[in-house]
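Below is one structure, written out as structure tokens, with a few remarks after it.
The values are calculated or read from the model by the stated rules, or taken from the named source; none is laboratory data. All of these numbers come straight from a predicted model, not from anything done at the bench. Because the Cβ atoms are built from the backbone with ideal geometry, glycine has one as well, and the counts that use them run over all protein chains shown. Remember, those area values only see protein heavy atoms, side chains included, never the ligands or the DNA or RNA. Shrake-Rupley method; radii C 1.70, N 1.55, O 1.52, S 1.80 Å.
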Amino acid sequence: MNNTAILPSTYLAPIQYYSKLKNYQECIIEHHEHFPKQTFRSRCDVYSPNGVLKLSIPLVKRNHRQPTKDIKISYEYDWQKLHWRSIESCYRRSPFFEYYEDDFLPFYTDKKFDFLIDLNEAMQQEILKLLKLKPQITFSTEYHKVYENADDFRDLISPKVDVNEDKQFQSIPYMQVFEPRHGFIPNLSIIDVLFNEGSKALEYL
């Protein structure tokens, strides 16, 4: 394990992602890669009454070689209202939803961001504040296919990759609202552990 982690920009990233922010001395967030489809860069997984629910941010049509930093959010339909209603239905019964509700609500009512990386960064900073976690974060200034002396998680932290392939990360069960129906679901969005564990979320990481 090196001291530096290379991470993608993410929307309400999975728990695995925040474990890197906690455990590495430095984290570099990638802004210059060619934007890959169907990843946590514009999507998160939450626990709904029916199991895993995927919440995806609609994006302005783009070419396949567009850098992540240039990806724009589409507001052709009110995805913010849809996401917030989904989050409410998933977590209204969780122990700490009401405690954190007002911290997340503005991102779905008052705030609009043109660029995906700006939304992702603003939400990440809010979550880090709630977790009381202060990692050393920088942003890439150019694209490197390979990083020496750093651990690269740009492809490993992905809905397309089994989380068990990350040998550094172990998902330990905690209380989830709909666990009696569907069992424990590992490595959901960080909001799952935050709403269910509250101030113990950082300790869980």
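With respect to the conditions (1) under 15 Å from the mean Cα position of the chain (by Cα); (2) modelled with pLDDT of 95 or more, SER48 lacks only one, and its number is (1). Residues of region 38-52 being farther than 15 Å from LYS160 by Cα and either among the β-branched types (Val, Ile, Thr) or part of a loop (DSSP other than H, G, I, E, B) (or both), which ones? Within region 38-52, VAL46, PRO49, ASN50 qualify. Among residues of region 107-132 that are over 17 Å from ILE71 (Cα atoms), those with a Cβ under 9 angstrom from a residue that is modelled with pLDDT of 95 or more and among the polar types (S, T, N, Q), sequence gap 6+ or separate chain, pair up as PHE107/GLN80; TYR108/GLN80; THR109/GLN80; LYS111/GLN80; GLN124/SER9; GLN124/THR10.
Report yes if TYR147 is touching an Asp or Glu at 6+ places or on another chain (Cβ under 7 Å), under 20 Å from THR39 (Cβ atoms) and touching a residue at least 40 places away in the same chain (Cβ under 8 Å), otherwise no. No: the conditions fail for TYR147. Considering region 24-37 alone, what residues qualify as being open to solvent by 10 Å² or more (accessible area, probe 1.4 Å) and not in a loop (DSSP other than H, G, I, E, B)? Once the filter is applied, which keeps residues that are open to solvent by 10 Å² or more (accessible area, probe 1.4 Å) and not in a loop (DSSP other than H, G, I, E, B), region 24-37 yields GLU26, ILE28, HIS34.
So which residues in region 180-190 are out of contact with any strand residue (DSSP E or B) (no Cβ under 6 Å at 6 or more places or on another chain) and open to solvent by 30 Å² or more (accessible area, probe 1.4 Å)? Once the filter is applied, which keeps residues that are out of contact with any strand residue (DSSP E or B) (no Cβ under 6 Å at 6 or more places or on another chain) and open to solvent by 30 Å² or more (accessible area, probe 1.4 Å), region 180-190 yields PRO180, ARG181, PHE184, PRO186. Per the listing LYS145, LYS129, the residue uniquely at negative phi, among the charged types (D, E, K, R) and modelled with pLDDT under 95 is LYS145.
Can you tell me which residue is nearest to ASN164 (Cα to Cα) among those in region 1-23 that are assigned to a loop (DSSP other than H, G, I, E, B) and open to solvent by 10 Å² or more (accessible area, probe 1.4 Å)?
Narrowing region 1-23 to residues assigned to a loop (DSSP other than H, G, I, E, B): 1-3, 9-13.
When the remaining residues are screened for being open to solvent by 10 Å² or more (accessible area, probe 1.4 Å), the result is 1-3.
Numbers: MET1: 17, ASN2: 20, ASN3: 21 Å.
Here the residue is MET1.
A single entry from SER74, SER86, SER56 fulfils the requirement of being free of Cβ contacts under 8 Å to residues at least 24 places away in the same chain and closer than 22 Å to LEU194 by Cα: SER56. Annotation note: of VAL177, VAL193, the sole residue that is surrounded by 15 or more Cβ atoms within 10 Å (Cβ to Cβ) and either over 20 Å from TYR17 (Cβ atoms) or at pLDDT below 95 (or both) is VAL177. Among all residues of region 15-30, there is none that is without any contact (Cβ under 8 Å) to a residue 40 or more places away in the chain, closer than 29 Å to LYS200 by Cα and under 15 Å from the mean Cα position of the chain (by Cα).
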